[in-house]
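Visitor: Okay, handing you the structure first.
The values are calculated or read from the model by the stated rules, or taken from the named source; none is laboratory data. This is a predicted model, so every value here is computed, not measured. Ideal geometry is used to build each Cβ from the backbone, glycine not excepted, and the neighbour counts take in all protein chains shown. SASA here: full protein model, heavy atoms, side chains in, ligands and nucleic acids out. Shrake-Rupley method; radii C 1.70, N 1.55, O 1.52, S 1.80 Å.
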Amino acid sequence: MADPKGFLNHGREVAATRPVAERVKDWNEVYVPGSLLPIISKQAGRCMDCGIPFCHNGCPLGNLIPEWNDYAYRGDWSAASERLHATNNFPEFTGRLCPAPCESACVLGINQPPVTIKNVEVSIIDKAWETGDVAPRIPERLSGKTVAVVGSGPAGLAAAQQLTRAGHTVAVYERADRIGGLLRYGIPEFKMEKRHINRRIEQMRAEGTKFRTGVEIGRDLPAAALRKRYDAVVLAVGATTARDLPVPGRELKGVHQAMEYLPLANKVQEGDYVAPPVTAEGKHVVVIGGGDTGADCVGTAHRQGAASVTQLEIMPRPGEDRDALTQPWPTFPLLYKVTSAHEEGGERVYSVSTTHFEGDEDGNVQWLHLTEVEFTDGKPTPRPGTERRIPAQLVTLAMGFTGTDRDNGLVEQFGLELDARGNIARDADYQTSVPGVFVAGDAGRGQSLIVWAIAEGRSAARGCDRHLTGASDLPAPIRPTDRSLTV
């Protein structure tokens, strides 16, 4: 146990953020650089080394949290990094982006604020990069087997790294111009600077993984050609079909899917544009959808100089505290969350539904009409007399995703079966209905969290490795049927 009295003597402290007035003027990460190390030892010392560490269950990766908390408390950063990497290929990603279901399952959280597990995690990995403890792990021998990984998001990268380290020759295919998937073009720079992706890619290249960008399987390269070229294929193509809003005026200029809007801002940071083709500058912005993608749109609009930002959510406003009856520990509760983007301004409106958009004579959106709703038998019902309109010169739709992309022909060309939810069906080894073709991440699970994507990539890699060699020593932290610990 790190500090037997740590949770009694020290309260919860989290990373400090830069002042709003400063950070909205740039695209750097919102946290104060170096603010964690002075406090992280005491925070790690709050871990109680529980007899049954429920944080393991809250985290699909099965992270060895009490172990690396203990090492961090003692300042043994090298050992902490080793324990962290034992279960997680990319802790710098999860430490910045994961909503931390491990903290919701922390035993200390029953009657105190939980351990700052995310902050400890990111402190360990940042220190490891600084001290050179993150090095390529080159396989001792090659198997002679080849694997194509389609998609370079967290699931694809995790699967590729595991299979490369197992001795297979792995090539990652990505339809975008850069590696990273939604990590690259869906996550704004202020949440995670892309240098963190770049150095992991260099590590993977040093280990032997090959990368092919600008190649969309199904369009640029037929599935049959890919299968002929490789001994196995892992599909990690995500669930990128966005949920739409079929209301009058949807066709007006200025109404965009979130994933049409966010990547353009990231491309400016990559140097592809001087200014984004779609910008919030000087406009009244409305974001439809109250989740993380919606918050990303809010923060991006602030940095682009929006005149106003309003975020709409059809569901009622969640509570600020866990309800012991409806959302008991150790489940992941649905709570009112104030992200860094929300701290920066804007209005959040709950229990409303968009009825239609109104434009000007040139076909540009100018107004959004909405009505308040109440839920009857679980379905939203408009409240008469609550209709109103709000200014909207840029609207982003951030209402989630419904399944993997079907337009490029990948599903049909491989001959894949889909499950009842429209995801690619797979067996216990993550193998699809086509022998030798595996699926990992959102394409098989549906829209989920980054930590689940990495866990899926690791698990699918084991199934693929066993298919190629007859046995596998790679870990499989989750089964395809496992789900988050929620009510």
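Visitor: Where the second residue is among the aromatic types (Phe, Trp, Tyr) and the first is open to solvent by less than 10 Å² (accessible area, probe 1.4 Å) and lies in segment 285-298, which pairs have Cβ atoms under 8 Å and are six or more apart or on separate chains?
Guide: 297/261
Visitor: Continuing with the same structure: Residue check: is residue 141 part of a loop (DSSP other than H, G, I, E, B), of a type in the set (D, E, K, R) and touching a residue at least 40 places away in the same chain (Cβ under 8 Å)?
Guide: Judged against the criteria, residue 141 is not a match.
Visitor: Residue 245 - would you say it is part of a loop (DSSP other than H, G, I, E, B) and either within 29 Å of residue 398 (Cα to Cα) or open to solvent by less than 40 Å² (accessible area, probe 1.4 Å) (or both)?
Guide: Working: part of a loop (DSSP other than H, G, I, E, B): yes; either within 29 Å of residue 398 (Cα to Cα) or open to solvent by less than 40 Å² (accessible area, probe 1.4 Å) (or both): yes.
The answer is yes for residue 245.
Visitor: Within segment 383-402, does at least one residue satisfy the condition of being more than 30 Å from residue 114 (Cβ to Cβ), without any contact (Cβ under 8 Å) to a residue 40 or more places away in the chain, open to solvent by less than 50 Å² (accessible area, probe 1.4 Å) and in contact with a Gly (Cβ under 9 Å, 6 or more places away or on another chain)?
Guide: Checked segment 383-402: no residue is more than 30 Å from residue 114 (Cβ to Cβ), without any contact (Cβ under 8 Å) to a residue 40 or more places away in the chain, open to solvent by less than 50 Å² (accessible area, probe 1.4 Å) and in contact with a Gly (Cβ under 9 Å, 6 or more places away or on another chain).
Visitor: Output the residue which, of all residues in segment 37-50 that are modelled with pLDDT under 95 and of a type in the set (A, V, I, L, M, F, W, C), is surrounded by the most Cβ atoms within 10 Å (Cβ to Cβ).
Guide: That would be 48.
Visitor: Can you tell me which of 170, 149 is farther than 18 Å from residue 453 by Cα, at pLDDT 95 or above and crowded, with 24+ Cβ neighbours inside 10 Å?
Guide: Of the residues listed, the single one that is farther than 18 Å from residue 453 by Cα, at pLDDT 95 or above and crowded, with 24+ Cβ neighbours inside 10 Å is 170.
Visitor: Of all helices (runs of 4 or more DSSP H) completely enclosed by segment 1-50, which ones contain at least 2 residues that are within 28 Å of residue 305 (Cα to Cα)?
Guide: Numbers: elements: 6-9, 20-23, 37-45.
Counting at least 2 such residues, we get 20-23.
Visitor: Counting only residues that are among the polar types (S, T, N, Q) and on the phi < 0 side of the Ramachandran plot, give me the strands (runs of 3 or more DSSP E) lying completely in segment 335-376 with at least 1 of them. Give the steps one after another, and end with the answer.
Guide: On the way: elements: 347-350, 352-359, 365-376.
Those strands (runs of 3 or more DSSP E) span 352-359, 365-376.
Visitor: May I pose another question? For segment 51-113, give me every one of the helices (runs of 4 or more DSSP H) that falls completely inside it and has 3 or more residues that are open to solvent by less than 20 Å² (accessible area, probe 1.4 Å) and farther than 22 Å from residue 338 by Cα.
Guide: 65-74, 77-85
Visitor: Could you tell me whether any residue of segment 317-339 is among the small types (Gly, Ala, Ser), in contact (Cβ under 8 Å) with a residue 24 or more places away in the chain and open to solvent by less than 60 Å² (accessible area, probe 1.4 Å)?
Guide: The initial filter retains those residues of segment 317-339 that are among the small types (Gly, Ala, Ser), namely 319, 324.
Of the ones still in play, those that are also in contact (Cβ under 8 Å) with a residue 24 or more places away in the chain are none.
Taking every residue of segment 317-339 in turn, none turns out to be among the small types (Gly, Ala, Ser), in contact (Cβ under 8 Å) with a residue 24 or more places away in the chain and open to solvent by less than 60 Å² (accessible area, probe 1.4 Å).
Visitor: Restricting the search to segment 224-242, which residues are in a loop (DSSP other than H, G, I, E, B) and aliphatic (A, V, I, L, M)?
Guide: 236, 237, 239
Visitor: Then there's this: Take the residues of segment 431-443 that are touching a residue at least 60 places away in the same chain (Cβ under 8 Å) and in contact with a strand residue (DSSP E or B) (Cβ under 8 Å, 6 or more places away or on another chain): which is most open to solvent (accessible area, probe 1.4 Å)?
Guide: 442
Visitor: Among residues belonging to segment 174-209 that are over 14 Å from residue 151 (Cα atoms), of a type outside the set (Lys, Arg) and not in a loop (DSSP other than H, G, I, E, B), point out the one that is most open to solvent (accessible area, probe 1.4 Å).
Guide: Among residues in segment 174-209 that are over 14 Å from residue 151 (Cα atoms), of a type outside the set (Lys, Arg) and not in a loop (DSSP other than H, G, I, E, B), the one most open to solvent (accessible area, probe 1.4 Å) is 202.
Visitor: Then there's this: Can you name the condition, by its number, that residue 152 falls short on among (1) among the polar types (S, T, N, Q); (2) under 27 Å from residue 339 (Cα atoms); (3) part of a helix (DSSP H, G or I)?
Guide: (3)
Visitor: Scan segment 306-329 for residues that are among the hydrophobic types (A, V, I, L, M, F, W, C) and either within 30 Å of residue 367 (Cβ to Cβ) or part of a strand (DSSP E or B) (or both) and jot them down.
Guide: 306, 307, 309, 312, 314, 315
Visitor: Here's a follow-up. When you go through (1) surrounded by fewer than 18 Cβ atoms within 10 Å (Cβ to Cβ); (2) out of contact with any Lys or Arg (no Cβ under 7 Å at 6 or more places or on another chain); (3) not aromatic (Phe, Trp, Tyr) one by one for residue 32, which number turns out not to apply?
Guide: It is condition (2) that residue 32 fails.
Visitor: Provide a single number: the residues in segment 218-242 that are of a type in the set (A, V, I, L, M), touching a Gly at 6+ places or on another chain (Cβ under 9 Å) and open to solvent by less than 30 Å² (accessible area, probe 1.4 Å).
Guide: 7
Visitor: A further question on this structure: Working only within segment 280-295, note down all residues that are touching a helix residue (DSSP H, G or I) at 6+ places or on another chain (Cβ under 6 Å) and closer than 15 Å to residue 343 by Cα.
Guide: The one that is touching a helix residue (DSSP H, G or I) at 6+ places or on another chain (Cβ under 6 Å) and closer than 15 Å to residue 343 by Cα: 295.
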